[in-house]
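The values are calculated or read from the model by the stated rules, or taken from the named source; none is laboratory data. These numbers come from a predicted model, not from an experiment. Cβ coordinates were reconstructed from backbone atoms using ideal geometry, including for glycine residues, and neighbour counts include every protein chain displayed. The area values use the complete protein model at the heavy-atom level, side chains included, leaving out ligands, DNA and RNA. Shrake-Rupley method; radii C 1.70, N 1.55, O 1.52, S 1.80 Å.
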Amino acid sequence: NAGVTQTPKFRILKIGQSMTLQCTQDMNHNYMYWYRQDPGMGLKLIYYSVGAGITDKGEVPNGYNVSRSTTEDFPLRLELAAPSQTSVYFCASSYLRASGESTQYFGPGTRLTVL
Amino acid sequence: DQQVKQNSPSLSVQEGRISILNCDYTNSMFDYFLWYKKYPAEGPTFLISISSIKDKNEDGRFTVFLNKSAKHLSLHIVPSQPGDSAVYFCALRNNNDMRFGAGTRLTVKP
């Protein structure tokens, strides 16, 4: 299993450009998440999905959109890039155990700079 | 709105000694408490967790303690090894919402 893969690893955008960060998992997990991590800060949840066709906002959703057409893929879309979106973006997936525990497995991250 | 705080940005310990990482929170609704470890240029990896109905969970050299009345979570690593040097994040779950602390950078000196 490759686990959670993210592309690209690095990207530089100009203000106002758009892009899609790709995330794929091969563990058949129902739950998928997008986080951003700013320097010196913890990860903040942008959007999450509990299954194909279902998405919901996290703590910091403004400026982003997501879709979940398949179990495997959970792309994150930036429509009008702003310098405040310069960050490292992590995708994660998980499944819910009968005990209620759900461990998240993270991808390696995408480092995005908006100039 | 900082619901989760890791007040020590860094910690340095000698190899073989105990490392204690701390995490404080304000929201009593969290039901699962986790610790993640992160190396540079990699995503966080799961280390250990505890549910809100327990006060201790042990896995090898790692033990997590939960004090619900004090809203305090801690991770003990003993004995500490140089390979444990990384950034450690506490993460607290409330349904599908996960809140992370800012992280503590642990350095274990040989």
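For chain B, a/c is not less than 1.5, where a ≥ b ≥ c are the root eigenvalues of the C-alpha gyration tensor, and a/b tops b/c. That puts it in the prolate class.
Rolling a 1.4 Å probe across the protein heavy atoms gives the protein assembly as shown an accessible surface of 48 Å² per residue. Computed with a 1.4 angstrom probe on protein heavy atoms, the B-A interface buries about 1600 square angstrom of accessible area in total. Quarter the surface of the alpha carbon convex hull of the protein assembly as shown and you get the mean projected area, 12.3 square nanometres.
For region A:5-46, trypsin sites (Lys or Arg not before Pro) meeting the loop criterion (DSSP other than H, G, I, E, B) and having at most 16 other Cβ atoms within 10 Å: A:K9, A:K14.
In terms of Cα atoms, the Rg and Dmax of region A:4-97 work out to 12.8, 42 Å.
Region B:1-64 and region A:59-90 have Cα centres spaced 27 Å apart.
Comparing A:Q17, A:Q104, A:Q37 in a Gaussian network model of chain A (Cα springs below 10 Å), the most mobile by mean-square fluctuation is A:Q17. Taking every DSSP beta bridge that has both ends in the protein assembly as shown, the antiparallel portion is near 90%. Applying a DSSP loop filter and a limit of 14 other Cβ atoms within 10 Å to the trypsin sites (Lys or Arg not before Pro) in region B:1-39 leaves B:R17.
Sparsely packed loop sites in region A:26-115 (the GluC sites (Glu not before Pro) outside DSSP H, G, I, E and B with at most 13 other Cβ atoms within 10 Å) comprise A:E79.
Neighbouring Cβ atoms from other chains, within 10 Å of the Cβ of residues in A:102-115, number 3 on average. Cross-linked pairs A:K9/B:K54; B:K54/B:K109; A:K9/B:K71; A:K57/B:K38; B:K68/B:K109; A:K9/A:K57: Cα-Cα separations exceed 29 Å for A:K9/B:K54; B:K54/B:K109; A:K9/B:K71; B:K68/B:K109.
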